[in-house]
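The values are calculated or read from the model by the stated rules, or taken from the named source; none is laboratory data. Keep in mind that this is a model prediction, so the values were computed, not measured. Ideal geometry is used to build each Cβ from the backbone, glycine not excepted, and the neighbour counts take in all protein chains shown.
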Amino acid sequence: MTVLRLRGFDIHKGYLDAVAQQQLVTALRNVVVRAPLFRPDTPYGKPMSVRMTAAGKYGWFSDRKGYRYVEAHPSGRPWPAIPEEVLAVWEAVTGLDRQPECCLINYYGPEARMGMHQDRDEADFSWPVVSISLGDDGLFRIGNTTRGGKTESIWLHSGDVVVMGGEARLTYHGVDRIKPGTSTLLEKGGRVNLTLRVVD
């Protein structure tokens, strides 16, 4: 396994082997049964191109009221617990005793993308954010701590894990595009991205 450091982001290439990836997908199916994927609106009223759900104490949510964490799925039910297989990745790559309180699950179809943004809805930015890629390749773009300026991009493959901490914690980042057909992990194709966050 290779660890690349790009603008403060630690990118663990090929961190999860094929068996571990499949175990994660199986665990996530159980989450999605209890908390189905949904497509939130941005505060500007435009539907996001990704579908999402979550596990843990909190889920991330967006509508005309803004971006925020909530304690229940849009159905009104509490979010399912974060699977142990997911927590094991967090513990291994961060070495922290503190566990994340949110596992945001984003599903990217062939046309989905995620604009450049900062993860800043959490109470304490000293805790890292961990991102796990499953399925088709995604072109991950890394910017700066302010909008604009030169950016760098890297393809994230199924099984890659990214740790955003320290100097990278408030760096702008996004997903420009998905490369369909680059993985057979997901039955219907696409990419699943898990982001683990300490919220409180």
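Before moving on, here are some points about what is shown:
- Pair list, Cβ under 6 Å, 6 or more apart: region 35-62 residue at positive phi, other residue among the β-branched types (Val, Ile, Thr): 56/82
- With respect to being over 26 Å from residue 155 (Cβ atoms) and touching a Lys or Arg at 6+ places or on another chain (Cβ under 9 Å), residue 76 falls outside the description.
- The residue list 89, 70, 33 contains one member that is surrounded by fewer than 16 Cβ atoms within 10 Å (Cβ to Cβ) and under 23 Å from residue 169 (Cα atoms), which is 70.
- Candidate set: region 14-41, residues that are in contact with a strand residue (DSSP E or B) (Cβ under 6 Å, 6 or more places away or on another chain) and outside any helix (DSSP H, G or I); chosen: the one farthest from residue 77 (Cα to Cα): 15
- Contact annotation: residue pairs with Cβ atoms under 6 Å, 6 or more positions apart or on different chains, pairing a residue in region 150-165 that is within 17 Å of residue 118 (Cβ to Cβ) with a partner that is in a strand (DSSP E or B) and not β-branched (Val, Ile, Thr), are 151/141; 162/9; 162/131; 163/10; 164/9.
- Test result for residue 40, within 17 Å of the chain's Cα centre (by Cα) and modelled with pLDDT under 95: yes
- Checking every residue in region 100-118 against the condition of being touching a residue at least 24 places away in the same chain (Cβ under 8 Å), under 30 Å from residue 148 (Cα atoms) and in a helix (DSSP H, G or I) gives zero matches.
- Any hit, region 111-121, residues being over 24 Å from residue 166 (Cα atoms), surrounded by fewer than 18 Cβ atoms within 10 Å (Cβ to Cβ) and not β-branched (Val, Ile, Thr): yes
- Within this structure, residue 65 passes the test of being among the basic types (Lys, Arg) and in contact with a Pro (Cβ under 9 Å, 6 or more places away or on another chain).
- From the options 148, 174, residue that is modelled with pLDDT under 95 and either surrounded by 19 or more Cβ atoms within 10 Å (Cβ to Cβ) or not aliphatic (A, V, I, L, M) (or both): 148
- Taken over region 112-123, the residue count meeting the criterion of being under 18 Å from residue 9 (Cα atoms) and of a type in the set (D, E, K, R) is 2.
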